1. If I filter segment 241-256 down to residues being in contact (Cβ under 8 Å) with a residue 12 or more places away in the chain and open to solvent by 20 Å² or more (accessible area, probe 1.4 Å), which single residue comes out as farthest from Leu156 (Cα to Cα)?
2. Considering each of Arg167, Arg137, Arg125 in turn, give the residue that is modelled with pLDDT of 95 or more and within 19 Å of the chain's Cα centre (by Cα).
3. Going residue by residue through segment 122-144, is there one that turns out to be surrounded by fewer than 19 Cβ atoms within 10 Å (Cβ to Cβ) and more than 24 Å from Ala197 (Cβ to Cβ)?
4. Could you tell me which numbered condition Arg330 fails, if it satisfies all but one of (1) basic (Lys, Arg); (2) at pLDDT below 90; (3) closer than 30 Å to Gln206 by Cβ?
5. Is it fair to say Asp199 is of a type in the set (D, E, K, R) and within 22 Å of Ser71 (Cβ to Cβ)?
6. Looking only at segment 286-316, count how many residues are surrounded by fewer than 13 Cβ atoms within 10 Å (Cβ to Cβ) and either within 19 Å of Gly182 (Cα to Cα) or under 21 Å from the mean Cα position of the chain (by Cα) (or both).
7. Just to be sure I understand, how many residues within segment 257-273 are of a type in the set (S, T, N, Q) and either surrounded by 20 or more Cβ atoms within 10 Å (Cβ to Cβ) or touching a residue at least 12 places away in the same chain (Cβ under 8 Å) (or both)?
8. Say we look at segment 186-226 and pick out the residues that are farther than 20 Å from Arg270 by Cβ and in contact with a Ser or Thr (Cβ under 8 Å, 6 or more places away or on another chain); which of these is surrounded by the most Cβ atoms within 10 Å (Cβ to Cβ)?
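The values are calculated or read from the model by the stated rules, or taken from the named source; none is laboratory data. Only a predicted model underlies this, so the values are computations on that prediction, with no experimental measurement involved. In this analysis, Cβ positions are derived from the backbone assuming ideal geometry, glycine residues included, and neighbour counts consider all displayed protein chains. Surface areas here come from the heavy atoms of the whole protein model, side chains and all, with no ligands, DNA or RNA. Shrake-Rupley method; radii C 1.70, N 1.55, O 1.52, S 1.80 Å.
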Amino acid sequence: VHRELARWQCRAQAIADPELRALALGKLDGEGFHAQAAAMLATGAPRAQRETVAQAIVALELLFDYLDGLSERPSKDPLGDGEILFAALEDAVSPPEAASGRAPFAQDGGYLQALSDAVRVALFRLPAAPAVTDVARRTASRAGQAQTRLHAIGGLGAGQLQQWAAREARDTGLGWRELACGAASSVLALHALIVAAADPATTSQQGERIAAGYLSTCAVLTLLDGLVDEAEDTAGEQPTGPGYLELYEDPGGLGEMMAALARRAITQTRALPDGPQHVMLFVAVVGYYGTERGAASGVARPVIARVRRELRPLIGPTLAVMRAWRATRRLRTVTRAHRPSQTTRWRTTKRSK
């Protein structure tokens, strides 16, 4: 994973456009951990396929985060421009003959296209890729629509998002808000489908169940992310744009709603092939956000506590691991900050001699 991230860092540094280069590098520096965390799913793939799975997951996560940043830029036609941009996400999980045929985004010297191509090349080296292609394309399309329509609220209002999400929510058992939240972060479902593609026994029916099961997991992930970031977003000097929490008129009902989503996610993921691993992934997501600094804020604390109660007893040791991990990261940061530079160490050694 570190090797892949370093490779894409070099590729991003070669972008000629300064704004797009800064965006790509900023995503790598600020959100590269997303790719590291997502690649842990590769442990669920057969050992012989894990490197290929990790390559696909890293490139896909970087692609998704980069597209998120691109779609936040001002646009006269946010829905049309978003559809063009997110075609790269759909193409990434499509066989070459089923690609969208849209002209690639060329302003970044081919960086976006290179990420999309890398995902496709790695994915279609996996034995069961054809079995998950159809559901992966639909999942990618839904993710792009959710991201684009949220970012378009400022210019077009929330009605267009509600109408789209209400149509998509039919037969899912979710409300339109929960569908929108689940679709927004369903890159996680795509990662799970990539892992499934590494198993020759995976069927298209299993792929459909994975995508459906992860919809509730992704909805909880999106809302937890919004909760823990709310303090920083509110205090920021620059407006961050609309968020999914703003779709809920009554924040007081978030706890019960998210607890119900958590129960649904556990039930659905437990029933999947390799169910225990999918369940632990969901618990780890909750543990990660539950130990963020923003989780202690007034709005987030009772909601996260309500979700955590649904995940006993697994959440207990998970929270302990996450807290230890965060403490280690803080210690490393402090150590690096106080470590003398190479020049300082050389001068000190020279004087002592």
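1. Taking the candidates together, the pick is Glu256.
2. Within the list Arg167, Arg137, Arg125, the selection yields Arg137.
3. No, because not a single residue in segment 122-144 is surrounded by fewer than 19 Cβ atoms within 10 Å (Cβ to Cβ) and more than 24 Å from Ala197 (Cβ to Cβ).
4. (3)
5. Criteria not met by Asp199.
6. Result for segment 286-316: 1.
7. Within segment 257-273, residues that are of a type in the set (S, T, N, Q) and either surrounded by 20 or more Cβ atoms within 10 Å (Cβ to Cβ) or touching a residue at least 12 places away in the same chain (Cβ under 8 Å) (or both) number 2.
8. Top of the filtered list is Leu190.
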